[in-house]
Amino acid sequence: MYTDENKKFRPKKIADIEKEIVTIAQSGLPTGRVFLADGDAMMLPFKRLKEILELIQLHLPQVTRVSSYCLPRNLTNKTVEQLAELQVLGLKLVYVGCESGDDEVLALINKGETYQSSVVALNKIKQAGMKSSVMILNGLGGPELSKQHALNSAKLMNETQPNFLSTLVVSFPMGEQRFAEQFAKEFDGRTRQPFRQLEQHELFTEMEVLLSNLELTKTVFRSDHASNYLVLKGTLGKDKQILLSQVQMALQQPGVIPLRQEWQRGL
(Lines give C-alpha, C1' and ligand atoms only; values in the text may rest on other atoms or scores of the structure.)
Protein backbone atom coordinates (compact mmCIF):
# COMPACT_ATOMS: atom_id res chain seq x y z
CA MET A 1 0.00 0.00 0.00
CA TYR A 2 2.79 2.42 0.86
CA THR A 3 5.12 1.80 -2.09
CA ASP A 4 3.51 4.73 -3.93
CA GLU A 5 5.65 7.79 -3.22
CA ASN A 6 2.49 9.89 -3.01
CA LYS A 7 1.04 7.80 -0.18
CA LYS A 8 2.99 8.12 3.07
CA PHE A 9 2.23 6.15 6.18
CA ARG A 10 1.76 8.07 9.42
CA PRO A 11 -0.15 7.32 12.62
CA LYS A 12 -3.15 9.53 13.31
CA LYS A 13 -3.06 11.90 16.24
CA ILE A 14 -4.97 10.63 19.24
CA ALA A 15 -7.19 13.74 19.19
CA ASP A 16 -8.27 12.94 15.62
CA ILE A 17 -9.04 9.35 16.54
CA GLU A 18 -11.18 10.47 19.48
CA LYS A 19 -13.04 12.89 17.22
CA GLU A 20 -13.89 10.05 14.83
CA ILE A 21 -15.04 7.79 17.67
CA VAL A 22 -17.25 10.55 19.10
CA THR A 23 -18.75 11.20 15.65
CA ILE A 24 -19.71 7.53 15.34
CA ALA A 25 -21.12 7.51 18.88
CA GLN A 26 -23.26 10.59 18.15
CA SER A 27 -24.54 9.17 14.85
CA GLY A 28 -26.66 6.60 16.64
CA LEU A 29 -25.50 3.84 14.28
CA PRO A 30 -25.46 0.38 15.86
CA THR A 31 -21.80 -0.35 16.51
CA GLY A 32 -20.93 -3.72 17.99
CA ARG A 33 -17.48 -4.23 16.50
CA VAL A 34 -14.55 -1.97 15.63
CA PHE A 35 -11.64 -2.62 13.28
CA LEU A 36 -8.51 -0.52 13.76
CA ALA A 37 -7.77 0.74 10.23
CA ASP A 38 -5.99 1.53 7.84
CA GLY A 39 -2.71 -0.38 7.96
CA ASP A 40 -1.24 -2.51 10.74
CA ALA A 41 -2.35 -0.80 13.95
CA MET A 42 -0.24 -3.15 16.04
CA MET A 43 2.88 -1.24 15.02
CA LEU A 44 1.71 1.45 17.45
CA PRO A 45 3.26 1.44 20.92
CA PHE A 46 1.37 -0.32 23.70
CA LYS A 47 0.56 3.01 25.37
CA ARG A 48 -1.09 4.42 22.23
CA LEU A 49 -3.10 1.25 21.62
CA LYS A 50 -4.28 1.33 25.23
CA GLU A 51 -5.41 4.96 24.81
CA ILE A 52 -7.40 4.11 21.70
CA LEU A 53 -9.11 1.13 23.32
CA GLU A 54 -9.99 3.20 26.38
CA LEU A 55 -11.57 5.83 24.12
CA ILE A 56 -13.64 3.15 22.42
CA GLN A 57 -14.80 1.88 25.82
CA LEU A 58 -15.65 5.41 26.94
CA HIS A 59 -17.63 6.53 23.90
CA LEU A 60 -18.83 3.18 22.49
CA PRO A 61 -19.42 1.00 25.56
CA GLN A 62 -21.64 -1.35 23.54
CA VAL A 63 -18.69 -2.56 21.42
CA THR A 64 -18.02 -6.24 22.08
CA ARG A 65 -14.94 -6.78 19.89
CA VAL A 66 -12.06 -4.75 18.52
CA SER A 67 -9.78 -6.28 15.88
CA SER A 68 -6.66 -5.32 13.93
CA TYR A 69 -4.13 -6.49 11.37
CA CYS A 70 -0.86 -7.66 12.92
CA LEU A 71 2.58 -8.32 11.47
CA PRO A 72 4.44 -10.80 13.71
CA ARG A 73 7.39 -8.42 14.16
CA ASN A 74 5.11 -5.76 15.60
CA LEU A 75 4.66 -7.88 18.71
CA THR A 76 8.40 -8.03 19.42
CA ASN A 77 8.26 -4.95 21.66
CA LYS A 78 5.03 -5.98 23.42
CA THR A 79 4.92 -8.43 26.31
CA VAL A 80 2.28 -11.09 26.84
CA GLU A 81 1.12 -9.10 29.87
CA GLN A 82 0.65 -5.96 27.77
CA LEU A 83 -1.25 -7.89 25.10
CA ALA A 84 -3.44 -9.41 27.83
CA GLU A 85 -4.23 -5.90 29.07
CA LEU A 86 -5.23 -4.87 25.53
CA GLN A 87 -7.40 -7.97 25.34
CA VAL A 88 -9.24 -6.97 28.53
CA LEU A 89 -9.78 -3.53 26.99
CA GLY A 90 -11.50 -5.10 23.99
CA LEU A 91 -8.84 -6.16 21.46
CA LYS A 92 -10.09 -9.71 20.97
CA LEU A 93 -8.93 -10.68 17.47
CA VAL A 94 -5.87 -10.02 15.29
CA TYR A 95 -5.46 -10.90 11.61
CA VAL A 96 -1.94 -12.20 10.99
CA GLY A 97 -0.76 -12.27 7.37
CA CYS A 98 1.80 -15.04 7.68
CA GLU A 99 1.49 -15.70 3.89
CA SER A 100 3.76 -18.76 4.18
CA GLY A 101 5.53 -20.96 6.69
CA ASP A 102 8.47 -21.50 4.35
CA ASP A 103 11.59 -19.42 5.04
CA GLU A 104 12.75 -19.47 1.43
CA VAL A 105 9.43 -18.15 0.15
CA LEU A 106 9.33 -15.52 2.92
CA ALA A 107 12.84 -14.35 2.01
CA LEU A 108 11.98 -14.13 -1.69
CA ILE A 109 8.97 -11.89 -1.08
CA ASN A 110 10.88 -9.67 1.39
CA LYS A 111 8.27 -10.38 4.04
CA GLY A 112 10.62 -9.51 6.87
CA GLU A 113 9.39 -12.54 8.81
CA THR A 114 10.46 -16.15 9.31
CA TYR A 115 8.76 -19.36 10.36
CA GLN A 116 10.04 -18.78 13.90
CA SER A 117 8.97 -15.12 14.15
CA SER A 118 5.44 -16.20 13.21
CA VAL A 119 5.48 -18.97 15.82
CA VAL A 120 6.58 -16.54 18.55
CA ALA A 121 3.90 -13.98 17.62
CA LEU A 122 1.04 -16.47 17.33
CA ASN A 123 1.96 -18.04 20.67
CA LYS A 124 2.06 -14.60 22.31
CA ILE A 125 -1.41 -13.85 20.96
CA LYS A 126 -2.75 -17.13 22.35
CA GLN A 127 -1.08 -16.66 25.75
CA ALA A 128 -2.66 -13.20 26.01
CA GLY A 129 -6.14 -14.66 25.54
CA MET A 130 -6.66 -13.13 22.09
CA LYS A 131 -7.83 -14.99 19.00
CA SER A 132 -5.78 -15.15 15.80
CA SER A 133 -6.91 -15.31 12.20
CA VAL A 134 -4.07 -16.38 9.89
CA MET A 135 -3.84 -15.83 6.13
CA ILE A 136 -1.83 -18.11 3.83
CA LEU A 137 -1.35 -17.23 0.14
CA ASN A 138 -1.99 -20.11 -2.24
CA GLY A 139 0.48 -20.01 -5.14
CA LEU A 140 2.98 -17.69 -3.46
CA GLY A 141 6.00 -19.86 -4.23
CA GLY A 142 5.23 -20.47 -7.88
CA PRO A 143 5.52 -24.01 -9.29
CA GLU A 144 9.05 -24.75 -8.05
CA LEU A 145 8.43 -23.94 -4.39
CA SER A 146 4.77 -24.95 -4.28
CA LYS A 147 5.18 -28.17 -2.29
CA GLN A 148 7.56 -26.80 0.35
CA HIS A 149 5.37 -23.71 0.69
CA ALA A 150 2.34 -25.92 1.41
CA LEU A 151 4.20 -28.34 3.71
CA ASN A 152 5.84 -25.67 5.86
CA SER A 153 2.66 -23.57 6.01
CA ALA A 154 0.85 -26.65 7.34
CA LYS A 155 3.69 -27.20 9.83
CA LEU A 156 3.37 -23.60 11.06
CA MET A 157 -0.38 -23.95 11.53
CA ASN A 158 -0.01 -27.28 13.33
CA GLU A 159 2.49 -25.82 15.77
CA THR A 160 0.41 -22.73 16.57
CA GLN A 161 -3.23 -23.91 16.20
CA PRO A 162 -4.82 -20.57 15.20
CA ASN A 163 -8.52 -19.94 15.80
CA PHE A 164 -9.15 -19.07 12.16
CA LEU A 165 -7.27 -19.93 8.96
CA SER A 166 -7.93 -18.48 5.52
CA THR A 167 -6.28 -19.12 2.17
CA LEU A 168 -6.27 -16.60 -0.66
CA VAL A 169 -4.81 -16.99 -4.14
CA VAL A 170 -1.86 -14.69 -4.80
CA SER A 171 -2.70 -12.20 -7.55
CA PHE A 172 -1.04 -9.21 -9.19
CA PRO A 173 -3.54 -6.56 -10.32
CA MET A 174 -0.60 -4.17 -10.92
CA GLY A 175 1.54 -6.77 -12.70
CA GLU A 176 3.97 -9.37 -11.37
CA GLN A 177 7.27 -8.11 -12.82
CA ARG A 178 8.72 -6.64 -9.61
CA PHE A 179 7.68 -9.72 -7.65
CA ALA A 180 9.10 -12.14 -10.23
CA GLU A 181 12.49 -10.37 -10.24
CA GLN A 182 13.14 -11.66 -6.72
CA PHE A 183 12.83 -15.27 -7.91
CA ALA A 184 15.55 -14.71 -10.52
CA LYS A 185 18.10 -13.92 -7.81
CA GLU A 186 20.41 -16.51 -6.30
CA PHE A 187 19.33 -18.04 -2.98
CA ASP A 188 21.61 -20.28 -0.90
CA GLY A 189 23.98 -20.69 -3.83
CA ARG A 190 21.40 -21.74 -6.38
CA THR A 191 19.07 -20.16 -8.89
CA ARG A 192 15.49 -21.23 -9.49
CA GLN A 193 12.99 -21.34 -12.29
CA PRO A 194 11.39 -18.04 -13.35
CA PHE A 195 8.28 -17.29 -11.32
CA ARG A 196 4.88 -17.76 -12.88
CA GLN A 197 1.43 -17.85 -11.39
CA LEU A 198 0.06 -21.32 -10.78
CA GLU A 199 -2.58 -22.65 -13.11
CA GLN A 200 -5.89 -23.74 -11.66
CA HIS A 201 -5.03 -27.43 -11.30
CA GLU A 202 -1.67 -26.52 -9.70
CA LEU A 203 -3.44 -24.35 -7.13
CA PHE A 204 -5.73 -27.27 -6.29
CA THR A 205 -2.74 -29.62 -5.99
CA GLU A 206 -1.06 -27.21 -3.58
CA MET A 207 -4.29 -26.97 -1.57
CA GLU A 208 -4.47 -30.76 -1.43
CA VAL A 209 -0.93 -30.91 0.02
CA LEU A 210 -1.77 -28.19 2.57
CA LEU A 211 -5.01 -29.79 3.74
CA SER A 212 -3.51 -33.30 3.83
CA ASN A 213 -0.79 -32.14 6.21
CA LEU A 214 -2.89 -29.93 8.49
CA GLU A 215 -3.44 -31.43 11.94
CA LEU A 216 -5.69 -28.87 13.59
CA THR A 217 -8.08 -29.54 16.45
CA LYS A 218 -10.58 -26.67 16.30
CA THR A 219 -9.73 -24.10 13.62
CA VAL A 220 -12.38 -22.44 11.47
CA PHE A 221 -11.13 -22.77 7.87
CA ARG A 222 -12.21 -20.52 5.00
CA SER A 223 -11.06 -20.46 1.39
CA ASP A 224 -13.84 -18.23 0.09
CA HIS A 225 -12.09 -14.96 -0.81
CA ALA A 226 -12.90 -13.54 -4.26
CA SER A 227 -9.49 -14.74 -5.48
CA ASN A 228 -10.31 -18.42 -4.88
CA TYR A 229 -11.62 -20.57 -7.73
CA LEU A 230 -12.85 -23.27 -5.35
CA VAL A 231 -14.84 -22.16 -2.31
CA LEU A 232 -14.08 -24.22 0.80
CA LYS A 233 -15.59 -23.83 4.28
CA GLY A 234 -15.34 -25.98 7.35
CA THR A 235 -13.78 -26.63 10.73
CA LEU A 236 -10.45 -28.43 11.00
CA GLY A 237 -9.96 -31.08 11.93
CA LYS A 238 -13.57 -32.54 11.86
CA ASP A 239 -14.23 -31.49 8.26
CA LYS A 240 -10.78 -32.32 6.89
CA GLN A 241 -11.83 -35.33 4.80
CA ILE A 242 -14.86 -33.50 3.40
CA LEU A 243 -12.70 -30.55 2.33
CA LEU A 244 -10.04 -32.85 0.88
CA SER A 245 -12.62 -34.74 -1.15
CA GLN A 246 -13.90 -31.46 -2.61
CA VAL A 247 -10.38 -30.50 -3.70
CA GLN A 248 -9.73 -33.97 -5.13
CA MET A 249 -13.00 -33.87 -7.03
CA ALA A 250 -12.03 -30.51 -8.54
CA LEU A 251 -8.72 -32.08 -9.61
CA GLN A 252 -9.96 -35.43 -10.88
CA GLN A 253 -13.45 -34.60 -12.18
CA PRO A 254 -13.32 -31.13 -13.77
CA GLY A 255 -16.75 -29.63 -14.21
CA VAL A 256 -18.44 -31.70 -11.50
CA ILE A 257 -17.81 -29.26 -8.66
CA PRO A 258 -18.73 -25.58 -9.29
CA LEU A 259 -15.82 -23.16 -9.60
CA ARG A 260 -15.62 -19.39 -9.86
CA GLN A 261 -15.12 -18.13 -13.40
CA GLU A 262 -12.40 -15.55 -14.08
CA TRP A 263 -14.93 -12.73 -14.35
CA GLN A 264 -16.26 -13.62 -10.89
CA ARG A 265 -12.86 -13.29 -9.24
CA GLY A 266 -13.25 -9.66 -8.21
CA LEU A 267 -9.70 -8.65 -7.37
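The values are calculated or read from the model by the stated rules, or taken from the named source; none is laboratory data. Bear in mind the structure is a predicted one, so any value in this text is a computation, not a measurement. Cβ: placed from backbone, ideal geometry, glycine included. Neighbour counts: every protein chain shown.
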_Could you tell me how many of the residues in region 17-51 are under 24 Å from S133 (Cβ atoms), among the small types (G, A, S) and crowded, with 16+ Cβ neighbours inside 10 Å?_
1
*Go through region 112-227 and tell me which helices (runs of 4 or more DSSP H), entirely inside it, have 3 or more residues that are under 30 Å from N77 (Cα atoms) and out of contact with any strand residue (DSSP E or B) (no Cβ under 9 Å at 6 or more places or on another chain).*
115-127, 146-160
*Which of the residues belonging to region 199-231 are of a type in the set (A, V, I, L, M, F, W, C) and at pLDDT 95 or above?*
L203, F204, M207, V209, L210, L211, L214, L216, V220, F221
*Find the residue count for region 11-37, including only residues that are free of Cβ contacts under 8 Å to residues at least 24 places away in the same chain and within 22 Å of the chain's Cα centre (by Cα).*
1
_Enumeration of residues in region 86-110 that are touching a Leu at 6+ places or on another chain (Cβ under 9 Å) and of a type in the set (D, E, K, R)_ = E99, D102, E104
_Looking at Q57 and the list (1) farther than 30 Å from N158 by Cα; (2) in contact (Cβ under 8 Å) with a residue 12 or more places away in the chain; (3) polar (S, T, N, Q); (4) in a loop (DSSP other than H, G, I, E, B), which single condition is not satisfied?_
(4)
*Kindly indicate the residue of region 228-258 that is in a loop (DSSP other than H, G, I, E, B) and aliphatic (A, V, I, L, M) and also farthest from L165 (Cα to Cα) among those meeting that condition.*
V256
*Among the residues of region 91-107, is any assigned to a helix (DSSP H, G or I) and buried (at least 19 other Cβ atoms within 10 Å of the Cβ)?*
yes
